[in-house]
Amino acid sequence: STSGERTAKAERMFELMDGFLKNDPLSLQKDILDHVEYTVARSRFSFDDFEAYQALSHCIRDRLIERWHDTQLHFKRKDPKRVYFLSLEYLMGRSLSNSIINLGIRDQCADALSQLGFEFEVLAEQEGDAALGNGGLARLSACQMDSLATMDFPAWGYGLRYQYGLFRQVILDGFQHEQPDYWLNFGNPWEIERVHVTYPVKFYGTVEEEILNGEKHQVWIPGEMVEAVAYDNPIPGYGTRNTITLRLWAAKPSNQHDMEAYNTGDYIDAVVNRQRAETISSILYPDDRSHQGKELRLKQQYFFVSASLQDIIRRFKDVHKDLNQFPDKVALQLNDTHPALAIPEVMRVLVDEEHLGWNKAFDIICKIFSFTTHTVLAEALEKIPVDLLESLLPRHLQIIYDINSFFMEELKKRIGLDYNRLSRMSIVEEGAVKSIRMANLSIFCSHTVNGVSKLHSELLQTRVFKDFYELWPEKFQYKTNGVTQRRWIVVSNPNLCALISKWLGTESWIRDIDLLMGLREYATDISLHQEWRMVRRVNKMRLAEYIEATSGLKVSLDAMFDVQMKRIHEYKRQLLNILGIIHRYDCIKNMAKDDRRKVVPRVCIIGGKAAPGYEMAKKIIKLCHAVAEKINNDSDVGDLLKLVFIPDYNVSVAELVIPGADLSQHISTAGHEASGTGSMKFLMNGCLLLATADGSTVEIIEEIGEDNMFLFGAKVHDVPTLREKGSTIKVPLQFARVVRMVRDGYFGFQDYFESLCNTVEGNNDYYLLGADFESYLEAQAAADKGFIDQEKWTRMSILSTAGSSRFSSDRTIQDYAEKTWGIEPCRCPL
Ligand code: PLP
């Protein structure tokens, strides 16, 4: 069409547009009813809570789309340097409440609904969780997306749209069972399918040599192709119009004709083979420990990386001709090594497809990638067997070998022929199973290597990546993890949110978290104390109702609610907690009746999922139930002690439990938790911590002081010595006694628990439960004592919230933007 026709068309469109959607209650009501009728296809005179939730979500989605379009257009016009956050996992949880709050229309929506006879909270409960991740790493990605949007950064998140998210945990007779989480069953209003944003992703095949302009080139002739289809999830910022994109890829059979190398066979086989494509994005791997050597996992990684990079390069090329400018416009963030195949993939595109030349291409690589590692343990680092890579991605293997030989040459110049060190640092691990060390590849090719807490970074520098740190100290940084106060206070604890705003005289802390420190000034104010306790009690009531609904157990609100909720791991030491509870139970049983009056009543709450193949973690869950059965039915104990396991821990359960906790436990063996983010959420909500000096807790101590928490246990530098001592460590008698109670069948299932008991005895006690038991009990006793003095407890609680500002993901993202990615805010005008 001519430019005259185009102008006429644009003018006509403007005429037809009503302007932006309005947010007054009447307009919202009208939009909700329209969606009931035309989207959900129910009668506007008869629809239930779930249908009302669907209609409301679509009404909010419309508003998100407006802002999202504006933001994308603004980014396009301004063309700033963008950051692309590559993560295989996002634990987003529910979207409705968060979106409404970030759009600033919470009250209008509640009004609109109440006039239609619905309650906002009830509708919000209808939404299922988007659980496309395992634990801390995945929730971190979600918090960081919220901060990126809120702080106006030009950012994109990329990930996979798994059809089955993290399994649902069902407890039968105290044992964990896993059920599939088909979260898309009832549709997902928060995503937009982009049927036209698709890319071919290729696998298998061979590499052949070609002569081009007299030069030899390697060409990959793939053997299989699938299609990646984009699903966009708009992520709204708070207090800004900026709404960024989380683009998740789903695998579909390719519509193109099968390639030569693809042997279709007969018609039925061909169709069945094409169906196989969809399995690539079908399931999230439910183990957060390791994913070694599984072909499907490798396929997922490459599928996600290839589609994302095609998209990123396409966006760059829409505007720029010269790939040398790529580093000025693009920062690629690797969230752990899961997306590290992006490195050889960018090399392949630059060298094989763009014919840029190896040195030029490698120079670009080193300027665009930054890598964040989330583990402490060398054995948990991801390795890909060479055989697997050779068959699935033969050209990528060649490129990795090329990078490695260049790396080895560089190294030899620096360290000479120190073969031990060369083999430790090599990207290729020789041995029974020859493998690619994805962390070594990521470190060598990234300009920055980040740890996730100060302590983690020290451990990376002195232990895990010592060899690398000594040669390239300037690469190593750390950005302590953070959590978003929007979801973890404003959405999940509205009463505390209102109280904080009242005392600070402003809501600005929701965007400017440093203001939260202002609460310190009122930490001893008696009227704040009263209001603070009132808010906490209402939250405890909500939690107590949930406990009764899920487990049938009635709990006293006067008891201390003591929570440990996180993935079940031996290093996180849920077993230490349970053994401590057995000790408490044993003490109460052996006390004179009169003395029992002095006991501080407790409700111990444990929750978390065990990886399906992690036997010891599953035994810990069973032990928790067996002990609960005994304690909760013992009339000698009554309200003095209760133990509850809350099933199916996920983001929405966390939103309910965290605001109601008095005390929370973060008790990993020092040196094992890279950061921990659960602790930050509890801290923000005024819950006191009982913790070891591990991960980010070390910085929490710096911020709020040891006096405002209950610290115990061996320090990082003590751990190796204690391990060496092994069975010669003198463990307290109480420890031996409680382990014996389990061993002797006091809680039943004697044979089943035997192997679990073995893990904490003598030389086997790798996680040092015995060595830390005494100081654990002392910290617990200090917590009891503290709880009796409610004034002191409340002061500590206020100071915990006030001191949590350093642990906002806004601060983490600001640090990344300045020190790692080199990006600037790009705010969409209102
Ligand atoms: N799982 C869920 C659902 C969470 O909300 C969190 C919070 O950060 C985690 C896991 C991680 O908890 P932690 O850091 O205590 O291991």
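Every number here is computed from the coordinates shown, using simple stated rules; none is lab data. What you see is a predicted model; the values in this text were computed from it and never measured. In this analysis, Cβ positions are derived from the backbone assuming ideal geometry, glycine residues included, and neighbour counts consider all displayed protein chains.
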Per residue of the chain, what 222 nm ellipticity follows from adding -39500 (n - 2.57) for every DSSP H run with n ≥ 4, rounded to the nearest 500? -14000 deg cm²/dmol
Can you tell me how the chain classifies by the Cα gyration tensor, rounded, prolate or oblate, using a/c under 1.5 as the rounded cut? oblate
Can you find, among 126, 113, 87, the residue farthest towards the positive end of the dipole of the range 86-134? Put +1 on the C-beta of Lys and Arg, -1 on that of Asp and Glu. 87
If I take all pairs of Cα atoms in the range 552-602, what percentage of them are more than 18 Å from each other? 48
Ranked list, fewest to most other Cβ atoms within 10 Å of each Cβ, for 502, 216: 216, 502
Check residue 602: other-chain or 5+ apart residues with amide H under 5 Å from its amide H, H built from backbone geometry? 560, 641, 642
Extension gain (nm, one decimal) between residue 781 and residue 380, 0.36 nm per residue minus Cα-Cα: 140.8 nm
Out of 469, 250, 645, whose Cα points farthest toward the positive end of the dipole of the chain (charges: +1 Lys, Arg; -1 Asp, Glu; placed on Cβ)? 469
Listed here are the pairs 593/785; 216/317; 81/321; 725/785; 454/681; which of them are more than 22 Å apart at the Cα? 216/317; 725/785
Applied in sequence order to the range 503-510, the curve 6.51 cos²θ - 1.76 cosθ + 1.60 (Karplus, θ = phi - 60°) yields integer Hz couplings, x standing for Gly and Pro, of 6, 7, x, 6, 9, 4, 4, 5
The distance between the Cα centres of the range 642-717 and the range 760-830, in whole Å, is 5
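Given 252/619; 367/479; 367/466, which pairs have Cα atoms separated by over 28 Å?
Among 252/619; 367/479; 367/466, the Cα-Cα distance tops 28 Å for 252/619.
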About the Cα centre, charge dipole magnitude for the range 513-566 (Lys/Arg +1, Asp/Glu -1 at Cβ), debye: 180
Nearest-0.05 FRET efficiency for residue 558 and residue 764 at R0 = 35 Å, using Cβ-Cβ distance, is 0.30
Show me, for the range 323-334, the HN-Hα J-couplings you get by feeding each phi into the Karplus relation (A = 6.51, B = -1.76, C = 1.60, θ = phi - 60°), rounded to Hz, glycine and proline as x. 5, 4, 7, 3, x, 6, 10, 9, 10, 10, 9, 8
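Pop the C-beta distance of residue 718 and residue 387 into the FRET formula with R0 = 45 Å and round what comes out to the nearest 0.05.
Once rounded, the FRET efficiency stands at 0.60.
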What whole number of Å gives the distance from the Cα centroid of the range 609-640 to the Cα centroid of the range 340-378? 47
How many percent of the alpha carbon pairs in the range 753-803 exceed a separation of 19 Å? 52
Non-local residues with an amide H under 5 Å from the amide H of residue 188, with H modelled 1.01 Å from N and Pro and chain starts lacking one, are none
Other-chain or far-sequence residues with amide H under 5 Å of residue 826's (modelled H): 153
What is the range 173-243 by shape, rounded, prolate or oblate, if you read a ≥ b ≥ c off the alpha carbon gyration tensor as root eigenvalues and call it rounded for a/c under 1.5, prolate for a/b larger than b/c, and oblate otherwise? oblate
Charges on Cβ only, +1 for Lys and Arg, -1 for Asp and Glu, centred on the Cα centroid of the range 313-359; of 333, 350, 320, which one is farthest towards the dipole's positive end? 320
State the antiparallel share, in %, of DSSP beta bridges confined to the chain, rounding to the nearest 5. 45
Derived scalar couplings ³J(HN,Hα) [the range 800-810; Karplus, 6.51 cos²θ - 1.76 cosθ + 1.60; whole Hz; x for Gly, Pro]: 5, 4, 4, x, 7, 4, 5, 10, 8, 5, 4
Between the range 503-532 and the range 97-149, how many Å separate their Cα centres? 24
Inter-site label distance for residue 173 and residue 20 at 7 Å from Cα along Cβ, in nm: 5.9
Work out how much length residue 121 to residue 508 would gain on full extension: take 0.36 nm times their residue separation and subtract the Cα-Cα distance, in nm to one decimal. 136.9 nm
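Taking R0 as 30 Å, what's the FRET efficiency between residue 406 and residue 432 from their Cβ-Cβ distance, rounded to 0.05?
0.70
Treat every Asp and Glu Cβ in the chain as -1 and every Lys and Arg Cβ as +1, leave all other atoms uncharged, and give the resulting dipole magnitude about the Cα centre to the nearest 20 debye.
So the dipole magnitude of the chain works out to roughly 1020 debye.
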Dipole magnitude of the range 1-71, debye to nearest 20 (Cβ charges: Lys/Arg +1, Asp/Glu -1, about Cα centre): 160
Once a ≥ b ≥ c are taken as the square roots of the eigenvalues of the Cα gyration tensor of the range 177-325, is the result rounded (a/c under 1.5), prolate (a/b larger than b/c) or oblate (a/b not larger than b/c)? oblate
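Find how much the distance from residue 210 to residue 182 grows on full extension, using 0.36 nm per residue of separation minus their present alpha carbon separation; answer in nm with one decimal.
Working it through step by step, the gained length comes to 5.5 nm.
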